[in-house]
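Here, each number is a calculation from the coordinates, and none is a lab measurement. Just so you know, these numbers come straight off a predicted model, no measurement behind them. Ideal geometry is used to build each Cβ from the backbone, glycine not excepted, and the neighbour counts take in all protein chains shown.
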Amino acid sequence: MNKSTGNMYEFVDGRWNPVKGKCLYQCSYCYVGRWGQKQNPIHLDSGELRKNLGGNNFIFVCSGCDLFHPSVPWDFIAEVFRVAREKYPENTYLWHTKNPARAIEIPMCQYPKKSVLCVTMESNWYFPNISEAPRFFDRVDALKKYTGRKMITIEPIIDFNLRTFSRDILECEPEQVNIGADSGNNHLPEPTPEKIAALIEVLRPHTRVHLKKNLARIYKG
Ligand code: SF4
């Protein structure tokens, strides 16, 4: 496990990246692309798979690509789940994706006992030039069907329709919503501070809202 650093969630203990390589969602704001992984095909990293993950850690799995992208072979996913479930069952695993439709194909008995499915939802508007990941409504539909613990991450936050965005997020019943901003100066169409404040106000009575440090650039709270 690699210790949590940089813009990582403050509430996780570290990252574990047993699958690496080019993520075909090609989000324009992706920091991983700029870190040189873009040209490597998706592969299992045997060194990472052998890492000691300890116990009672909260671990972000695959922070550098999307484990549930259709290009990741099922046997890679099965091996990652097997190691987490059988070798280090005391940890909590954060399965982070923009493709929950594939995550929910996995039977719940295959997930480690302590798992949280976290889905990125940057906006409920469609910006085809920003990402090739599944659309917001597909992510919502799939996440609603997941029966375990759930989080939603709005990062990098992009302008949205307040009424429908907040409604659809809450209908997914996340135990926590994380909000962060673009860290990379990617000139995204960001919401105003007032709109972010209104979103937080709607969400807070119903779920825990975690504001990431990088949100401070556009929202002082
Ligand atoms: S889904 Fe994540 S890892 Fe993949 S391109 Fe987008 S930001 Fe990068």
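Straight distance only, please: which lysines reach the Cα of residue 113 with their own Cα at less than 25 Å, same-chain residues fewer than 8 apart left out?
3, 20, 51, 87, 98, 144, 145, 150
List the trypsin sites (Lys or Arg not before Pro) within the range 159-221 that fall in a DSSP loop (any state other than H, G, I, E or B) and whose Cβ has at most 13 other Cβ atoms within 10 Å.
220
In what order do 173, 10 fall by count of nearby beta-carbon atoms within 10 Å, going from fewest to most?
10, 173
What cysteines in the chain have no other cysteine with a beta carbon less than 4.7 Å from their beta carbon?
Taking the Cβ cut-off of 4.7 Å, the unpaired cysteines of the chain are 62, 109, 118, 172.
Compute the FRET efficiency between residue 220 and residue 56 as 1/(1 + (r/R0)^6), taking r as their Cβ-Cβ distance and R0 = 41 Å, and round to the nearest 0.05.
0.75
So who's got an amide H within less than 5 Å of the one on residue 210, skipping anything under 5 residues away but keeping other chains? H placed 1.01 Å off N, in plane.
177, 178, 179
Rounded, prolate or oblate: which one fits the chain, using the alpha carbon gyration tensor with axes a ≥ b ≥ c (rounded when a/c is under 1.5, else prolate when a/b beats b/c, else oblate)?
It is prolate, given that a/c is not under 1.5 and a/b is the larger ratio.
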